[in-house]
Every structure is written in structure tokens, then in C-alpha cells.
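S.K.: Here it is, the structure in full.
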Amino acid sequence: MPYGRHRIRTAAVGAVLAVAALAGCTSSPAPRAEAASSPEPTAPSTRTPTPTRAPIPTPTPTPTPTSRWNVSPTSVAAVGDSLTRAFDACALLADCPEASWATGTDPAVNSLALRLLGADRVAGNSWNLARSGARVTALPEQMARAAAERPGLVTVMIGANDACRPTAAAMTPVEDFRHFFETALARLRKDAPEARVYVASVPDLLRLWDTGRTSPLALRVWELGVCGAMLADPEDLGAAAEARRTAVRDRVVAYNEVLAEVCAADGLCRYDGGAVFGFRFDESLLSTWDWFHPSRDGQARLAELAYRRITEE
């Protein structure tokens, strides 16, 4: 039976323990040599102690700088020249501000102000202070007028008339262009320090010539004196004419470099990155009255380029 075997096993174990105890009591204790003898001297350790490592500090994350740019301004002021006045977009030799890329009210253009403010707020919260024919020398005064409105955003498109002089020699020097643009921006900051500024690049006038030079209508119009430095003798492909056109294009490139550099030094200014300069205005986007200024569709493209840049996060 399991229970009987358990008792037998217990009894046997007990007997063995009893015998062991008895033997331990009657036997003489054995000498403990190790305990009696003197301990041998211990050789010093040759191991180099492991240096204590300082705790590695937890890196502090660098905070992401907060942008001061406002993608939703509540008012818009526009300064510049005939491109912003939409000259020849609606009628011959006339401004058409309702079709302006910056502040126009024409739904077909869908201006920057319409996109940012909405149709019901454009009239009371946008100002087109540009003037047809203006060069950069007029910009400080226009900026002063813009600053008086305390706008949330100021758009700048200037420089085409500085390059489009009767001759290449009459173009505005780059140093003067820089001076007046810097002065204009400083004038804005005096009375409207928090206004955001969008700066459009000067269009590529050489590309404009290349677009219209095969059109008989454009050639007849340009003969009347439109942008002589670039468009005079548009069919002349001789070395002198080519050198003149290259000089004008180089001057436009230099103007755009100035716009980019001065804008970059202002924390609340955005340059378009050369978007307008790089945009190809084909015949459908140019006024049929002068083959130089943007048509309504051309104005719409300018509005689109500006809106895309201004609303970038």
C-alpha cells in the first residue's frame, strides 16, 4: 500500500540519521589544519580598476523656430507698375485694376485679394497703389502710402520699366535699383513693422521677345516703341542685336538677385524664388493690344503664382 511504504521510508531515513548522530558524538574531532596555519600573503591585484563613467546627459531637443509668416492676411496693399495695374488687360492703353492679379475683383482672374479675403471684403481691405510706368525710384513713396493703411500683406512687382528703357544704356543701374528697393522696404517698416511682404520677380523679357517675334501683329505693335531696349528691331538676329538683348536679360537677372537678397534680410518678406521670371507667357496670356502686358488670363496666372508662394507653410 502506498501509505505503508511511506512509513517504511520515513523509518529508514530516521534510523540512518540516528546512526550518523551517534558516530559524531563518539569520534574525536579532526584537526583543522587550514584554520590553525597562518594565511599566505595575498599578492596585490594587477588589474586596472574600471573607471567610473559619468552618466550620459539626455540631449535637450532643439525647439523648432516658429514662423512669423501669416498665410491668411486680412488686408492687402499692392505697389509696383503697370503689371499690377493690369494695363491693356481690358482696353487699349488703359489701366484695368479690376483685373489686377493682386487686388482685382474680376472672378475670372481670381486675384490674390479675392483668394485671401473673399469677395465681400476685397473693396474695404485692399488697395492698389501701383502706377503704370513706375520705376523703382517711385517705390519708396508707394510704400509710404501702403504703410499708412497698416496692411497685413504688401505685394511688390517692380523692375520691368527699369529694364524696358528706350536703349540698353538707359537701364537703371543695379546699385540704384538696390538703393531704392532697400529704402522702400525701410519706409514700410517705419509705419507698418509687422506687414508681410511678397516680392515677385521681374519677368524674363528675352523670353517675351522670343514668344512674339514670329507674330506679324506683335512685330507691328512693337515697332511703336514698346520696351525698346529689348524689343526694338525684333527680327534682327545680328550680333549687335543679340548682345543688346543679352545685356537686358542680364540686367533683369541682376535686379532679381537684388530683390531676393534684400527680401531675405527681412524676416517678414518672401521672394517668389524666380517664379514669375521662369514662367512662360505664351500668346494666350499676353494682351493683344501690345503683346507685352499680361491679358486677363495672364493676370490670373500671376495671381496663382503669388497665392501659392504666400500660403506655403
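S.K.: Provide the FRET efficiency to the nearest 0.05 for the residue 190-residue 311 pair, computing r from the beta carbons and using R0 = 25 Å.
M.R.: After rounding to 0.05, the efficiency reads 0.35.
S.K.: Could you give the nm distance between label points at residue 74 and residue 242, where each point is 7 Å from its Cα heading toward the beta carbon?
M.R.: Those two pseudo-labels are separated by 5.7 nm.
S.K.: If I model a spin label at residue 169 and residue 110 as a point 7 Å from the Cα along the Cα→Cβ vector, what separation in nanometres do I get?
M.R.: Result for the modelled spin labels: 4.8 nm.
S.K.: Another one. Name the shape class, rounded, prolate or oblate, that the alpha-carbon gyration tensor gives for region 126-241, where a ≥ b ≥ c are the square roots of its eigenvalues, rounded holds for a/c under 1.5, and otherwise prolate holds if a/b is larger than b/c and oblate otherwise.
M.R.: Details: a/c = 3.12, a/b = 2.29, b/c = 1.36.
Prolate.
S.K.: Separate question: Go through 283-290, 272-279, 231-238 and give me the packing order, highest mean Cβ count within 10 Å leading.
M.R.: 272-279, 283-290, 231-238
S.K.: Which shape class applies to region 153-218: rounded if a/c is under 1.5, otherwise prolate when a/b exceeds b/c and oblate if not, where a ≥ b ≥ c are the square roots of the Cα gyration tensor eigenvalues?
M.R.: Oblate is the answer for region 153-218, as a/c is 1.5 or above yet b/c matches or exceeds a/b.
Read-outs throughout are calculated quantities, based only on the coordinates presented, and are distinct from any laboratory measurement. Bear in mind that the values here come from a model prediction, so they are computed numbers and not experimental data. In this analysis, Cβ positions are derived from the backbone assuming ideal geometry, glycine residues included, and neighbour counts consider all displayed protein chains.
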